[in-house]
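What follows is a single structure, written as structure tokens, with notes after it.
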Amino acid sequence: MNRELHRPVALDRIGPAGLEVTVEADAAECAALAVRMGVPALTGLSCRFRLSPLPGGAVLAEGDLRAQVMRVCVVTLETFEAATEERFRLRFVPEGTGAGDDDPESDDEIGFQGTSIDLGEAAAEQLALALDPYPRKPGAALPDAAGEDTGSAFAALARLQGRC
């Protein structure tokens, strides 16, 4: 398992009133996460978690992620900086006790072993989910189709044969 951003939090720190924790990546962690995410650079990552205990040893995590990411535009192939912001909700559950729920509306679950949860890895996973798979630089537009409508591929082939 990748540990570019490792921030363990002991479960016994999460009292009945909950716990707020902010995870911020330093320059080396940002560089390692950029490699993992397949982006040219990650210039900043901050993730605030609000943790609340749940029955059965589970923990509810509600969070706000903010990141500055260098992306490559799928239209122009130019590099540009994009701000990524995401609110999320997930549950840490003791390994083997997950609901196994395939409902896309239910909270995501992260299994854990032992007496701590890793908020750094959770932040990295949320960043991966938040990144647009087809980033487009602001103002970038697909070019208009050049020339006339060629119709079917067979019509184009017939025109080419007529030129020979």
| Residue list for the range 69-81, restricted to those being over 13 Å from Gly139 (Cα atoms) and either crowded, with 16+ Cβ neighbours inside 10 Å or touching a helix residue (DSSP H, G or I) at 6+ places or on another chain (Cβ under 9 Å) (or both) | Val69, Met70, Arg71
| request: Determine the pairs where a residue that is within 14 Å of Val69 (Cα to Cα), located within the range 131-144, has a partner that is among the polar types (S, T, N, Q) and in a loop (DSSP other than H, G, I, E, B) with Cβ atoms under 8 Å apart, the partner being 6 or more residues away or on another chain. | output: Lys137/Thr76
| request: Any chance you could count how many residues in the range 79-108 are at pLDDT below 90 and in contact with a strand residue (DSSP E or B) (Cβ under 6 Å, 6 or more places away or on another chain)? | output: 4
| note | With the first residue restricted to the range 11-34 and required to be at pLDDT 95 or above and of a type in the set (Gly, Ala, Ser), and the second required to be assigned to a loop (DSSP other than H, G, I, E, B) and surrounded by 10 or more Cβ atoms within 10 Å (Cβ to Cβ), Cβ contacts under 6 Å at 6 or more apart or on different chains are Ala25/Leu5; Ala32/Glu4
| said: Every residue in the range 1-23 that is crowded, with 16+ Cβ neighbours inside 10 Å and either over 16 Å from Leu90 (Cα atoms) or within 16 Å of the chain's Cα centre (by Cα) (or both), please. | reply: Glu4, Leu5, Arg7, Val23
| Filtered residue count, the range 27-57, keeping only those that are under 18 Å from the mean Cα position of the chain (by Cα) and either surrounded by fewer than 16 Cβ atoms within 10 Å (Cβ to Cβ) or not in a loop (DSSP other than H, G, I, E, B) (or both) | 20
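The values are calculated or read from the model by the stated rules, or taken from the named source; none is laboratory data. Not measured: the values here are computed from a predicted model. Glycine gets a Cβ as well: all are built from the backbone with ideal geometry, and neighbour counts include every protein chain shown.
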